[in-house]
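Colleague: Got a structure here, written out as structure tokens. Questions coming.
Read-outs throughout are calculated quantities, based only on the coordinates presented, and are distinct from any laboratory measurement. None of these values were measured; they are calculated from a predicted model. Don't worry about glycine lacking a Cβ; one is built from the backbone with ideal geometry, like all the others, and counts go over all protein chains shown.
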Amino acid sequence: MADESSVDAAASVVVEPDLVPGLRAPTFLADTLPQIVWTADAAGDVTYFNRSWYEYTGLSPMQSVGSGFLQVLHPSDVERTAARWERAWRDGEPYEIEYRLRSGVDGEHRWFLARANAVRDECGRIVQWSGTSTDIDEQKRFEEQVRRYAAELKESRAELTRLARHDALTGLPNRMLFEDRLQQALVSADRHGQMVGVFFIDLDGFKRVNDTLGHHTGDALLCEVARRLATGLRATDTLARLGGDEFVVLALEIERPHDAIALARKLLAHVAEPFELEGGRVRMSASIGVSIYPRDADGASTLLRHADVAMYRAKQSGKNDARFYAPEMNASAQERMSIATRLDGALERGEMSLRFQPQWDTRSRSVDSFEALLRWNNPELGEVAPERFVPVAEDNGMILALCEWVLDGSCREAVRWSKASGRAVRVAMNVSLVQLDRDDFVPMVSRALDRHALPPQQLELELTARMGTYDVLAAHGKMAALRELGVRLTMDDFGTPYSTIDHVLRLPLDALKVDQRIVHDLEDAPREGSERVMRALVGLAHSLGLDVVADGIETDAQRRSVIELGCGRLQGYLLGEPMLAEEAGVLLGAEPAGE
Ligand code: C2E
Ligand code: MG
């Protein structure tokens, strides 16, 4: 950097002032300007700089001569500037160029805009160049900032668009993008006469993983599921997350429905591999519904809805499976809708009632308990079987109010029967897993017992054996608390393909209720070893100190079989159909205990 004194001394010094006599710059004027003013001879060698040059560059007049300019020109601008000069000198045209010059004060480079003109003699020959260099650094920086800001804006706009079309957790396309792609795929499929498959994938029992292992682990599981599902697909397929534990796949170029089955199997297998999560090793399964274009629908939204309906069917028939859409499934989806609408307010309108089915005890040889069964009579739908409306009520949460109502009615009747008959009559009620999931379930049971002053051992709760591993984990604490209260716990539908012995070993239980199908098999269609199965079940139950209830007894032969096999309690149409509470009271009165 040049020292200050040399700058001052250099001010308004004319370099080689006599080089071109008569063309000397009016220096006194130039020194008043903030711009750098300069002149150069016809060859381009600088002959004059005004005061601003010396003040800015800190160079002395001697340093400024000849190639002095190059000392302060930014190295990156040298080539471009030299080329522009050369062209200007060749053409003799005025020119403009931007370059950076190094300041003698702080050593920083600032942007300048140079403008130069050729001065010609009367014959038109160039005798001099004169020009100015104006500091445009501020402006350049501002422009740069604007440019950067604009680029950022563009980027963030692109990011916003990406976010609006992708799922934040897994990074997969979301419903919006999926539907877009599906629309495009249908157009292309029409053009090429191809088929398109939509796979609706829902994890089984995901909510329980979330509830037992926490949301953090639940999120990690979803990300891993997304990764695995993606590995089963081709680059042209689209995997999207619709929300929660729902994923969809758009598979292009399906040639035969068989291809779709193969893909669904592959996806199920990917999910079935154990997951190593923070809370430990977890096994999952999924239910998949498949719809095929153009076979199952003629538009994107219907195709997606039909895949959803088929997925629902896969869930209903035991989960961990894939189902193709079939038109009758749609009818059942519509039926569910119609049930859901009419279920709303059914309790308040008095459309619900209870029936009680007697259970016969083989030891006391008498009826000493009843199972409470819900009945719904709707003016438009007529009698609706619980198997049709209970799953709908479970889905939309209405089961909670229903269950509380059944509990209340069951306790009330048990107290009445007991008082009237002078015996401790027990009432059994079915409890939905949705209900058991609620934290207020145990207090609700306890309050009902208190309200009716029913001894806890006279209340039995039947829990379905159709539990997943996480249902069991979630249920365990509440079941223990219910046991603590003194309430009896029975596992219902035991022996169906969904029940596992593991659950029986883990859960606090008092009894197993053997599924009707096993009882019927004993006589109706004695499948290979059905009697052995029954014997083994009873053996298992007894070894665990559990009572065995045989359900669905319709014939004398079945009754004899189950008694012979060691079942303690019997229920079925043979012994009594579900009846009104008053009829149950009459039955108890007519039937002396111990006979
Ligand atoms: P479940 O708990 O297995 O109830 C036994 C079902 O078998 C009852 O059907 C009963 O009427 C029927 N049943 C009894 N004996 C025989 C027989 O000898 N042969 C045949 N074929 N069937 C017999 P229902 O009342 O239609 O109930 C069906 C299911 O709906 C119940 O199965 C239970 O899972 C559910 N459910 C009924 N009431 C309630 C309730 O209050 N709450 C909940 N969560 N579920 C309920
Ligand atoms: Mg039951």
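Colleague: Separation between the ASP259 and ALA151 pseudo-spin-labels, each 7 Å from Cα along Cα→Cβ, expressed in nm?
Modeller: The two pseudo-label positions are separated by 4.4 nm.
Colleague: Please compute, for the alpha-carbon atoms of the range 151-213, the extent along each of the three principal axes and give them in descending order in Å.
Modeller: 49, 41, 11
Colleague: Compute the signed sum of charges (Lys and Arg +1, Asp and Glu -1) over the other residues within less than 13 Å, Cβ to Cβ, of MET176.
Modeller: Here the charged neighbours net out to +2.
Colleague: While we're on this one: Grab the beta carbon distance between THR496 and ALA235, set R0 = 41 Å, and tell me the FRET efficiency rounded to 0.05.
Modeller: Details: r = 42 Å, r/R0 = 1.02.
So, using R0 = 41 Å, E works out to roughly 0.45.
Colleague: For a protection proxy built on the mean count of beta-carbon atoms within 10 angstrom, sort 422-430, 140-148, 172-180 highest first, please. Could the numbers behind the result be given before it?
Modeller: Details: 422-430: 21.0, 140-148: 11.3, 172-180: 18.3.
Taking the mean over residues of other Cβ atoms within 10 Å, the ranking is 422-430, 172-180, 140-148.
Colleague: Once the Cβ-Cβ distance between LEU160 and GLN184 is put in as r, and R0 is 22 Å, what FRET efficiency do you end up with, to the nearest 0.05?
Modeller: 0.50
Colleague: Enter the Cα centre distance for the pair the range 171-198 and the range 432-505, rounded to the nearest angstrom.
Modeller: Value for the Cα centre distance between the two parts: 46 Å.
Colleague: Any idea what the dipole of the chain comes to, in debye rounded to 20, about its Cα centre with Lys/Arg Cβ at +1 and Asp/Glu Cβ at -1? Could the numbers behind the result be given before it?
Modeller: On the way: 69 positive and 94 negative charges, 222 e Å.
The calculated dipole for the chain is roughly 1060 debye.
Colleague: Would you please report the Å³ per residue occupied by the convex hull of the alpha carbon atoms in the chain?
Modeller: Values: hull volume 160.0 nm³, N = 595.
In the chain, the Cα hull volume divided by residue count equals 269 Å³.
Colleague: Does the range 361-505 come out rounded, prolate or oblate, given a ≥ b ≥ c as the square roots of the eigenvalues of its C-alpha gyration tensor, rounded meaning a/c under 1.5 and, failing that, prolate meaning a/b above b/c?
Modeller: rounded
Colleague: Among ILE254, ILE292, rank each residue by its count of other Cβ atoms within 10 Å, from fewest to most, as a rough exposure measure.
Modeller: The order, fewest Cβ neighbours first, is ILE254, ILE292.
Colleague: What is the chain's relative contact order, in percent, from Cα pairs under 8 angstrom and six or more apart in sequence? Provide the component values of the computation, followed by the final result.
Modeller: On the way: 1004 pairs, mean separation 49.4, N = 595.
Relative contact order comes out at 8 percent.
Colleague: OK, next. If Lys and Arg each add +1 and Asp and Glu each add -1, what is the summed charge of the other residues whose beta carbon sits under 12 Å from the beta carbon of SER446?
Modeller: Numbers: positive: ARG447, ARG451, LYS478; negative: ASP440, ASP450, GLU484.
Within the 12 Å Cβ shell, the charges total 0.
Colleague: Quick check: the distance between the Cα centres of the range 512-591 and the range 114-162, to the nearest angstrom?
Modeller: 95 Å
Colleague: Let me ask something else. Can you check what the net charge comes to around ASP408, using other residues whose Cβ is under 14 Å from the Cβ of ASP408 (Lys, Arg +1; Asp, Glu -1)?
Modeller: Values: positive: ARG412, ARG416, ARG447, ARG451; negative: GLU404, GLU413, ASP450.
Summing Lys and Arg as +1 and Asp and Glu as -1 gives +1.
Colleague: Could you work out how far apart the two model spin labels at ASP510 and ALA420 are, taking each label as a point 7 Å from the Cα in the direction of the beta carbon, and quote it in nm?
Modeller: Rounded to a tenth, the inter-label distance reads 2.2 nm.
Colleague: If each residue's Cβ is checked for other Cβ atoms within 10 Å, how do VAL196, VAL562, VAL72 rank with the fewest at the top?
Modeller: Placing the least packed residue first, the sequence is VAL72, VAL196, VAL562.
Colleague: Would you mind getting me the FRET efficiency between HIS542 and GLU484? Use the beta-carbon distance for r and R0 = 30 Å, nearest 0.05. Mind dumping the intermediate values first?
Modeller: On the way: r = 24 Å, r/R0 = 0.80.
It comes to 0.80.
Colleague: Just from the alpha-carbon atoms, what are the Rg and Dmax of the range 291-367 in angstroms?
Modeller: 20.1, 64
Colleague: Taking square-rooted eigenvalues a ≥ b ≥ c of the alpha carbon gyration tensor, is the range 175-329 rounded, prolate or oblate, where a/c under 1.5 means rounded and, failing that, a/b exceeding b/c means prolate?
Modeller: On the way: a/c = 2.05, a/b = 1.78, b/c = 1.15.
Prolate is the answer for the range 175-329, as a/c is 1.5 or above and a/b outweighs b/c.
Colleague: What share of the DSSP beta bridges in the chain is antiparallel, in percent to the nearest 5?
Modeller: On the way: 68 of 94 bridges.
Percent antiparallel among DSSP bridges in the chain is about 70.
Colleague: Something else about it: Got a sec to turn the phi values of the range 237-242 into Karplus ³J(HN,Hα) couplings, 6.51 cos²θ - 1.76 cosθ + 1.60 with θ = phi - 60°, whole Hz, x for Gly and Pro?
Modeller: Residue by residue, the range 237-242 yields 7, 10, 10, 9, 10, 8 Hz.
Colleague: Next question. Where the centroid of each part is defined by its Cα atoms, how far is the range 254-315 from the range 40-56 in Å?
Modeller: The range 254-315 and the range 40-56 have Cα centres spaced 79 Å from each other.
Colleague: Next question, about the same structure. Considering only DSSP states other than H, G, I, E and B, which trypsin sites (Lys or Arg not before Pro) in the range 330-418 qualify as loop sites with at most 14 other Cβ atoms within 10 Å? Write down the numbers at each step before the final one.
Modeller: Numbers: sites: ARG336, ARG342, ARG349, ARG355, ARG363, ARG365, ARG375, ARG388, ARG412, ARG416; in loops: ARG349, ARG363, ARG365.
Taking the range 330-418 and a limit of 14 other Cβ atoms within 10 Å, the loop trypsin sites (Lys or Arg not before Pro) found are ARG349, ARG363, ARG365.
Colleague: Straight-line reach from LYS154: which lysines have Cα under 24 Å away, leaving out those fewer than 8 places along the same chain?
Modeller: LYS140
Colleague: Say the dipole of the chain comes from +1 at the beta carbon of Lys and Arg and -1 at that of Asp and Glu; which of LEU172, LEU588, THR161 then lies farthest toward its positive end?
Modeller: Value: LEU588.
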